[in-house]
1. On the given criteria, is ARG5 of a type in the set (D, E, K, R) and under 14 Å from the mean Cα position of the chain (by Cα)?
2. Here are TYR4, TYR19: which of them is hydroxyl-bearing (Ser, Thr, Tyr), under 15 Å from GLU123 (Cα atoms) and free of Cβ contacts under 8 Å to residues at least 60 places away in the same chain?
Amino acid sequence: MESYRKEIVSKPARPDLPYSPAVSCGPLVFISGSVGRDPATGEIARNDIGGQTRQTMRNIDAQLKKAGSGFEHALKATIFITDMDKFADMNAAYASFFDGAPPARSCVEVARLPDPEAIVEIELIALRP
């Protein structure tokens, strides 16, 4: 039986936050809920769900790369949006990050997100080849 250990792939931007943006264990990578905030500037992407979804996916991509993975290895995504009427725009932006075989996915509407400017948050589980 193979033994796995948890690895912290990245730490939060603020050390007082009690979570890890990305954790791996054996062949799996877990990406915490991410929003469309540009890590270089700290600014939220334009206040439309397509723009925020694209920035969120770029943020997730960076975490996956740090863990030695990528979107082609994504297994499951969970999406939280504040307005289900914006689903189609979110879905179009999200879909542009996958070629051929997207992961399993859930999408739910929530009253609000922890980041008051965010209108979409995405978490992801992927394989690490």
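1. Values: of a type in the set (D, E, K, R): yes; under 14 Å from the mean Cα position of the chain (by Cα): no.
Against the criterion (of a type in the set (D, E, K, R) and under 14 Å from the mean Cα position of the chain (by Cα)), ARG5 does not qualify.
2. On the way: TYR4 fails: under 15 Å from GLU123 (Cα atoms).
None of the others qualify; the one that does is TYR19.
A quick yes/no check of all residues on (1) closer than 30 Å to ARG5 by Cβ; (2) out of contact with any Gly (no Cβ under 8 Å at 6 or more places or on another chain); (3) of a type in the set (S, T, N, Q):
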{"position": "ASP16", "(1), (2), (3)": "yes, yes, no"}
{"position": "TYR19", "(1), (2), (3)": "yes, yes, no"}
{"position": "PRO39", "(1), (2), (3)": "yes, yes, no"}
{"position": "ARG58", "(1), (2), (3)": "yes, yes, no"}
{"position": "ALA77", "(1), (2), (3)": "yes, yes, no"}
{"position": "PHE80", "(1), (2), (3)": "yes, no, no"}
{"position": "ASP83", "(1), (2), (3)": "no, yes, no"}
{"position": "ASP99", "(1), (2), (3)": "no, yes, no"}
{"position": "ALA111", "(1), (2), (3)": "no, yes, no"}
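No lab work stands behind these numbers, since they all come straight from the coordinates. For clarity, every value in this text was computed on a predicted model and none was experimentally measured. Neighbour counts are summed over all protein chains in view; Cβ atoms, including those assigned to glycine, are modelled from backbone coordinates with ideal geometry.
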